[in-house]
Each structure stands twice: as C-alpha cells, then as structure tokens.
1. Of all residues being under 27 Å from residue A:174 (Cβ atoms) and among the basic types (Lys, Arg) in the stretch A:311-343, which is surrounded by the fewest Cβ atoms within 10 Å (Cβ to Cβ)? Just the residue, please.
2. Is it fair to say residue B:179 is at pLDDT below 90 and facing chain A (nearest Cβ under 10 Å)?
3. Got a number for residues in the stretch B:224-262 being within 22 Å of residue B:165 (Cβ to Cβ) and within 19 Å of the chain's Cα centre (by Cα)?
4. Give me the helices (runs of 4 or more DSSP H) completely within the stretch B:60-165, filtered to those with at least 2 residues that are crowded, with 19+ Cβ neighbours inside 10 Å, ordered by residue number.
5. Going through B:158, B:209 one at a time, which residue ends up being modelled with pLDDT of 90 or more and either at positive phi or within 14 Å of chain A (Cβ to nearest Cβ) (or both)?
6. Identify, from the list A:158, A:142, the residue that is in the same structural domain as residue A:358 (by TED's automatic domain parsing), surrounded by fewer than 24 Cβ atoms within 10 Å (Cβ to Cβ) and either in contact with a Lys or Arg (Cβ under 7 Å, 6 or more places away or on another chain) or part of a helix (DSSP H, G or I) (or both).
7. More than 14 Å from every other protein chain (Cβ to nearest Cβ), β-branched (Val, Ile, Thr), in contact (Cβ under 8 Å) with a residue 12 or more places away in the chain and closer than 21 Å to residue A:398 by Cα, is that true of residue A:114?
8. Taking the residues in the stretch A:32-70 that are within 14 Å of chain B (Cβ to nearest Cβ) and charged (D, E, K, R) as candidates, determine which candidate is nearest to residue A:304 (Cα to Cα).
Amino acid sequence: MDKLSQMEVMKLLMQLAVMLMMGRLFAEIARKLKQPTVVGEIVAGIILGPTILGMLSPEWFEVIFPSGSSGIVLDGFVQVAVVMLLFIAGLEVDLHIVLQQGRQALFTSTLGLIVPFAIGFLFPYVFPEFFGFANGDHLAFALFMGTSMAITALPVIARILMDLGIFRTRMGMLVISSAMINDLIGWLIFSVVLSMIGKSHQNISLWQTIMLTVGFTALMLTVGRGLLNRILPWINKKLAWPGGLLSLSLAMCFLAASFTEYIGIHAIFGAFIFGVALGDSEHMSERAKEIIHQFINNIFAPLFFVAIGLKVNFVTNFDLPLTVAIILIAFAGKIIGSGVGTRLGGFNWKESLAAGFGMNARGAMEIILGLIALENGLINEKVFVSLVIMALVTSMTSGPLMKWSLSRNWIK
Amino acid sequence: MSFQKFRKIGLALAFSPRMEAMMAEALRLVLAYESSLVLVHVGAKTSEAEDKVRKLLSNYQLDLNRVKVVWKQGEPAACILKACKEEQVDLLIAGALKKENIMQHYLGSVARKILRKSNCSVLMLTNPSASPHPFKNIVVNAEDSAYVEEALKTACAMAQADQSNWVHIVREVKLYGLSMASLDDCSEDEYNEVRNRLLKSEIENVEKMLQAIPHQGLKVNIKLLSGKSGFELSKFAERKQTDLLIVGASPRKLWFLDRVFTHDLEYIFQDLPCNLLIVNPSQRKEGANG
C-alpha cells in the first residue's frame, strides 16, 4: 500500500485544521448575523480558495493546499462528507409525519416539486447556451436543472418555523412534511439523472436505472426497515452506547452507499435512503440522532462546505445574468408551486404564500447536488457558482419573507 | 352514573374460554354507565347456540329488556361492525391477543380489523377477568389529532366513574424539529431556552384543552414524550402498568400500507400494552332508540 510522506501527512493535517478553524470562525460570524452557518462556511472556503487567497497570494495558497497526494486524500474526506451529509438528510425525513399529513402534504409537495421542476427544466432546455450547456447530454442537463430547482432544505425550514413559533401548527407540519416528500422524490430523480450521464457506472438503460432506484427505495423502506427494527434493539442493549450505534449505523450507511454505487445508482442515494429507513425506526432515539447530527454537522459538514470554496473561483466564474436568471426561476417556481399547492390543501392565500416562501429555502442540499453535478461534468463552474449563490440567497431570504407574509394577525 | 357517550354497549360474543370473563367485563360497564347491552354473535343461530347464550345471561341478574342478542353470519369483523352500525352501538367491547404473529399482523385478525375499521368506539380487552376491576390507572393520548378532545373527555369521565388513582395525559413533543433547527446554530444556553419554551408551550396546550373538560377530583399527570408517537405512548403505558390506554380514532380508515410504514395507532395495535379504548365521535342520531 502506498503511503503519504511525512510532509504530506503534515500538510493534510494542516489543511484539515485550517478548514475547520476558518469554517468555525465564519460560521460563528454568520450565526451572529442570524444567518445559516453554511453561509459562513462557504465564505471561509471562498477566502481560503482560489477566489481570494489564491488571487492575493498564490504562493501561500499553494503551500496550504498543494496539488498532490494530500489533495487527493482531502478530496476523499470531502467525498465521505457528502455521503454522510446525505445520510443525516435522510435521518431528518420522518415518514410518520408525512403519513400523518396525508393528502394535504401531497398537494403542496407535488406542486412544489412539479412547478419548479417544469420551469427549471424548460428554460435550460430551450436556451441551453445561456445556461452554460456546452456538450454532453442535453436532456440530462435540463433534467438536472429542473431537479436543482425542485429541492428544498429541511433544516433551514425547520429553523425558520421554530423561530416564528409555528413549527407545531397545522401549517408548520404541512411545510415540514411537504419538504420531506420533496427531498425524497428530488434525490430519487437526481439519482436517475446522474445515471443517465453514465459516468463511472456500468452501461445500464434509463428504465433499468429507474427500476433499480425505485426497487432499492421500496426494499430499504420495507424489508430494510424491518431488519433495522430487529437489529437496533440488540445494538442498543448489548453494545456500548452510543459508540456501538454510531459506528454500526455509519458502517451500514457506507455499505448501502457502496451497494447503490455498485448497482449503478450514485452512492449518495444509498446513504440517503438508508438514513430515511434508520431514522424511521422506532428504536432510533432522538438522542442517538442528535449525536450523529453533532458528529457529522460539526466535523464533516464544515470540511465539505469550506472545500466548495477551494474548488471553484467564485469571481472568475460569476456570471451575473445567469445568476439572476437562476434566482428568478428558483423563486418563481417554488413560490408559485408550493403556494398554489398549499392553497389547494385548504389554506388561505396569505398562509399559502408564506408556505411558498418557506419551501423556497434550498440550503446545503442544493450545494451538494450542484457539486456532484459539477464533478460528473453535468454543469460547468459558472452554473455551479450561480446555484451556490441561489442556495444562499433563498436560504437567507426565506425566513424574513415568511415572517413578512405572516406578520399580520397570524392565527394558529 | 349515566354515561351519555356510551348509552348502548355492544359485546362481540364468541364461544371461547374467555366468554364469561368478557361478559363480566361488559356488564361492569353496562351497570356503571346505565347502558343497554347488545350481544353480537357471528355464527349459525342453532338451538344449541341459543341455549349457550341463554345460560350465559342467566348467570347474571339482568334486566333482559335492556339486552338484545344479534345473530349474524359471514366474515366476523364485517358482521360485527355491521351489527354495531345497525344497532347504533356507542361502544363495542371485544377481546384481543396482546401480540399477533407477523402473518396475522399483515393480514389482519378479527380484533385488529375491528380496531382499524370501526365507526363506533371500541374497547379491546387483552386480559378480561371474570371478576373485573375498575380502571385505576389510565393513560390517554393528547397528541393533536382529529378526536383528541373526545378522547380526553372520555378518559376524564371514565376515570371519574371508576374513581381512578391516576390519569396520565401524554403529549408528544417534536424534539427532532428542535434538533434539526438548532443543533448547528445555537449555543447551549440558546438550545436549552428554545427547548424549555417548546416543552412549556406543549404543557400549556394540554392545560388549555383540560380547561374545557370536567376533571374534578382526578389526579392528573401531564407527560411529554419525544420519539415516534404511538410507539412511545405504548411503551409509556407499559412502564406505568396501566390498565387502560385511551386514544382518539384515526380520522381515516387504516389499511395495509399503514402496517408496512407503521405509525401512530399501528404501533399500539402491533403489541397492545394493556386494554385499549379507541374513541370515535358518537354516530348516534338524536332521538334514536336506546
């Protein structure tokens, strides 16, 4: 087995330290400004990366983040971080709430998914050059853009609803459950789109991919969930807590991720669906979920989001018309789709508009989606930068807009 | 005491070893609530069967004008529910196994079918006794649902009638939302503050509901639980060694998918922690017989 040299080990450790420290520093600044921590972490990456440090002092940038073995290992960390982030995104999905909300959640989420997906698909399909499409699969590109408009950031929404004190209201639960359905279907579509471009996967047809994706989801949520319900009590009782649960649940997450990668669906999908199955088990306590959240959100998430800024130059790849267009499409699709869906679900227009603003937050999920698309050559760096900016703008404006729309006589 | 909600009590009668115990339990409630009794038997109306029922009734001092026997033939659960509808039964009493095997769970036994599909309230007895006791330790679910107030009202009225020692009112608190929303963005103090605010508001919600319900003389314990609702409720009832768990019915009929993606009531049906009362709003038309 090849080994890193002493110097490479030292540099890798230094990189991790710098990324974690800068990530934390800027996350705290974002927190003081009442913004999601992910905003601060991405800013930290932009400062450390080619956009600022690489431009002001290329030598220092090369010293801290040299290309070579330590860079490859760092990239490995980032890949693992993506899988883990999708795992906790899955843990956050609560099928029980989705079933409780029933038809109403289905209305809001279906329209909140279809409308942004349709608008997000249509414009890039009709004007591919404007949206930075050069070569490759035109349909897959447009489908990806549609998916990227349809996704919703559950934690950001939960935070907004908590801040507004409406998390437990009928509308709060509706928005949360709709966001869960959105995420579930959104990642399902994204996995299919990814396999359409066929990079690094076996040659399987679109229908085979769809069947495999749906089949894997159904199997994990029925048989897999049943097995987890039998294994978890044993783990909780016989093994050290929370060590046993933590290591085995992550091991099973990696197994599911590698399995989906093996059968031709992206690894993130396996991690996500495993997270849903595990989170839905009645034997997975809130305390255990919190520990997993803490572990991943405070170590791997900052590494991932800081790494975003390291990968791309946000100044040279900034395209104002493209960014404005993407932001407008994102706002229009989600607010109209989710708003009309909520209205059809029996709420008044004011509440429906608020639900639309809430569902508009894209947060970290959009950035993960964008990075995977970038790495698979589905989009270029300009589109990626626009998507990151859109994710940040929607996350930062979602709360104030929702508050504004509900400011007059909110009735529980 | 006349219990307005349960003016007519139905008993699903099977000729089993538990028949007498079931009858005794039903009669305790019939006498306590001054209700009338409808015995529903699914099976052929033979002279032998009629003799058995007659003999059973003769064991008790009953006003036979207030007892009606209904004979039905066909699929047991459907027949029992049909009879309850025809007779405008307010509360159906039936016996159930505490836990069923996996096949029974997915296919649905008679008892579980009744629980899932009944339009009237259902009391499932897991361990009926020939010398029944009042319900001394009652747990009631106060999670937001269609019939939560009906369930609370019923629990308080039954506890008053039985002079219960405790009524535990259980409400689910969605801590997962708190974790999701606060873990990254809150300091420890902020987290605790948000958490305490959340818990306080949930207790206030229960207290607000209780204000409209008579509960004089009852010892009430409000308990907040986090986790999967239904599952945690069931575990709590087991821990407290409750003799009756009361929950509001599901506003829609539960079906196969609800068993596959188990949630809420299905967790309780999977493994009954004690006797279970599912409260449905009264179907009775005003002025109807009984």
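1. Applying the filter and picking the extreme gives A:343.
2. Criteria met by residue B:179.
3. Residues that pass the stated criteria total 15.
4. Of the helices (runs of 4 or more DSSP H) lying wholly inside the stretch B:60-165, those with at least 2 residues that are crowded, with 19+ Cβ neighbours inside 10 Å span B:76-86, B:110-117, B:148-162.
5. That would be B:209, the only listed residue that is modelled with pLDDT of 90 or more and either at positive phi or within 14 Å of chain A (Cβ to nearest Cβ) (or both).
6. Unique residue meeting the criteria: A:142.
7. yes
8. Looking at the filtered set, the residue picked out is A:41.
The values are calculated or read from the model by the stated rules, or taken from the named source; none is laboratory data. Because the structure is a prediction, the values reported are computed rather than measured. So basically every Cβ, Gly included, is an ideal-geometry build from the backbone, and we count neighbours across all protein chains shown.
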